[in-house]
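Asks: Please find one structure pasted underneath; my questions will follow.
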């Protein structure tokens, strides 16, 4: 009886991980599709403004990288630095999910 319970737990865990990975892939595809749509629409309306906003976003994420990898004694406190670190973390997670997503290759 214990073998059946262990096998059922293993199958349940496998199915749960597969469903979560599929949802993560859908989330990444949705975010990337939405960002791509916004960039295309922005380029239609104002190419210079879109490039400027994109550059500022990259600079903000770069500030998050700097704050993330500073030593604890030199780290700044405040909402701006926390938001920059969260932005960098979200971009990193989305990039890793996009690279490792099996839905791109199938």
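Asks: So, residue 39, is that one closer than 20 Å to residue 95 by Cβ and either in contact (Cβ under 8 Å) with a residue 24 or more places away in the chain or in a helix (DSSP H, G or I) (or both) or not?
Replies: Criteria met by residue 39.
Asks: Among the residues in the stretch 81-103, are any out of contact with any helix residue (DSSP H, G or I) (no Cβ under 9 Å at 6 or more places or on another chain), assigned to a helix (DSSP H, G or I), at pLDDT 85 or above and surrounded by fewer than 10 Cβ atoms within 10 Å (Cβ to Cβ)?
Replies: No - not one qualifying residue is present in the stretch 81-103.
Asks: Out of the stretch 12-64, which residues are at pLDDT below 80 and exposed (fewer than 11 other Cβ atoms within 10 Å of the Cβ)?
Replies: none
Asks: Return yes or no: is residue 67 in contact (Cβ under 8 Å) with a residue 12 or more places away in the chain, assigned to a helix (DSSP H, G or I) and more than 17 Å from the chain's Cα centre (by Cα)?
Replies: Yes; evaluated as a whole, the condition is true for this residue.
The values are calculated or read from the model by the stated rules, or taken from the named source; none is laboratory data. Please read all numbers here as calculations on a predicted model, not as lab measurements. Positions of Cβ are backbone-derived with ideal geometry, glycine not excepted, and every protein chain shown enters the neighbour counts.
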